[in-house]
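Accompanying notes for the structure given below.
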Amino acid sequence: MSEQIKVVSSKNAKVRVLLILVIIFALLFAWFTVRWQFGNLFATLTSPADQNAREIAKAASGLSPGDPWTKWLEASVEKDVFTPEKIENSVKLYEDVVRLSPNDYRWWIELGRAYEQAEKNDLAESAFRKAVEFAPNYTYPHWQLGNYFLRQNRSDEAFAELQKAALKSQSYREQVFSMAWDYFEQNVEKVEQLAGDSADARKTLVKFYVNKGRSADAVRVWNTLSVEDKQKNPATSKLVAQVLYEKRFYRAAVEFARQLGIDPDSKAETVTNGGFEKVLTVPEDTYFGWKAVSSPSDKIDIKTDSGVKKEGARSLRINFSGYQKQDLLNVWQITAVEPKKKYRLVFWLRTENLKSAGTPQLEIVNANDDKMIVSSKSFPTGTNDWQLISLDFTVPENCEGIIIRTGRAFCGEGCPLVGTIWYDDFVLN
């Protein structure tokens, strides 16, 4: 009985020792794990530009000396001090980072930058190539290697890598196009080589050309796309049309508006819906159709009229019932034209009981600078049957579009206008 008690007691002692050892191991493991986690946390949350970054880097490295993030923070702090000793020290630290995590492309990029800063270009190129090797399908390594080649004046190799970045990532495309635009001194052939046959890249190039004011190039590249590609992502295409219109590149904008179905009947050098055979849309839904704004408070009513017309099924009727304002800009249309070209605009006019010291007149205005080009005589008072009116004019050099609008002869404020006019069959020759 005594021996049994001793055996049991001996076993219990061993168990207790084992438990103590397990607890000590767990505590040490937890301690080192917590230290590592805190070191990693400090390193990942601290910017090298932080004024306390150097102290935090030392503390983080002390907590987790084998963590690549803590070494990266130390190296980055050193690299930002531009002395030969600091730069060389940062290179060694970045080499430590790569040794700790040799398969992470990000650290190879950082090491490549450090080598380049230390003017060790062969090693820098090798590091950048390693980054591409470890992440060939990622955009960032190609972007970094391409930029390195560009800084070394190796343009062919540079843009071969930058093209891969452009084709893989929407966010990098415009940057690549912009770099090529400046580097190759606005050589469109060189820039378009980077877009290749990718429809997405060519759409981005269209937007790029629009922002550069190269509207003709934008349309040319747009027309290389298939119908299916043009119809993909319509929001982007409509945005391009809107930007062209707002930047007053009217010849390009009318092509986009027609192909996108915004103004399907609009063409350059043509008055859209000149005979008013189609119903007028709200001004916000058209770029190159008629824009008509009726206002009961201004005592003006504008609508198509199927009862009175010169040709076809309808005309446009504008009724004034005591209109007082000197400005009369309630009916207008922008038509794309060719600079420096001569045109003749003809239309039919009818009046009924028209009375005012300042009757309406038709005006043609430069849509690019809002300056008057030509205006008709004031419309005759009273009732007059259909009469043909023509206006000859030469488009100014800076003009891509004209505004065809109804104006009014000056008669001062508080000058009432009453009666009705009809328009029909606008033609631009």
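Here are a few things to note about the model shown:
- Note on the range 208-264: Kirkwood radius taken over Cα pairs, Stokes-Einstein applied at 20 °C and 1.002 mPa s, translational D equal to 194 µm² s⁻¹.
- Computed extension gain for ASN103 through SER126, at 0.36 nm per residue and net of the alpha carbon distance, reaches 6.9 nm.
- Amide proton proximity set for TYR323, modelled H, under 5 Å, gap of 5+: LEU417
- From largest to smallest, the equivalent ellipsoid semi-axes obtained for the range 283-428 from the alpha-carbon gyration tensor read 24, 17, 15 Å.
- Relative contact order %, the range 283-428, counting alpha carbon pairs below 8 Å whose residues are six or more apart: 35
- Relative contact order of the range 163-229: 26 percent, from C-alpha pairs under 8 Å at least 6 residues apart in sequence.
- Between the range 216-233 and the range 240-266, the Cα center-to-center distance that results, in Å: 13
- Taking Cβ atoms as reference points and 12 Å as the exclusive limit, the residues near THR281 contribute a net charge of -2, counting Lys and Arg as +1 and Asp and Glu as -1.
- Residue-wise HN-Hα couplings along the range 162-174, as the Karplus relation 6.51 cos²θ - 1.76 cosθ + 1.60 with θ = phi - 60° gives them from phi, are 5, 4, 4, 5, 5, 6, 8, 9, 4, 5, 8, 4, 5 Hz; Gly and Pro carry x.
- Amide H partners (placed H, <5 Å) of ILE373, local residues excluded: ILE364, VAL365, ASN366
- Three-way shape label, the range 250-323, alpha-carbon gyration tensor, a/c 1.5: oblate
- Alpha-carbon centroids, the range 85-111 and the range 288-322: separation in whole Å: 75
- Karplus-derived HN-Hα couplings along the range 412-429 (A = 6.51, B = -1.76, C = 1.60, θ = phi - 60°), whole Hz, x at Gly and Pro: x, 6, x, 9, x, 10, 10, x, 9, 10, 10, 10, 7, 6, 6, 9, 10, 10
- Taking all Cα pairs closer than 8 Å and separated by 6 or more residues, the relative contact order of the range 309-391 comes to 32 percent.
- For THR359, the residues whose modelled amide H falls within less than 5 Å of its own, excluding neighbours fewer than 5 places apart on the same chain, are ALA409.
- Karplus-derived 3J(HN,Hα) values for the range 232-245, using 6.51 cos²θ - 1.76 cosθ + 1.60 with θ = phi - 60°, are 6, 6, x, 4, 5, 5, 5, 5, 4, 4, 5, 5, 4, 5 Hz; glycine and proline are entered as x.
- Size estimate for the range 286-329 follows the Kirkwood approach: the inverse of mean 1/r over distinct Cα pairs works out to 11.9 Å.
- Label-zone membership for the range 336-371, site ASP385, 7 angstrom Cα→C-beta point, backbone N under 16 Å: 348-353
Every number in this text was worked out from the coordinates using simple rules, so none of it is lab data. Just so it is clear, the model here is predicted, and its values are computed rather than measured. All Cβ positions, even for glycine, are placed from backbone atoms using ideal geometry, and neighbour counts span all protein chains on display.
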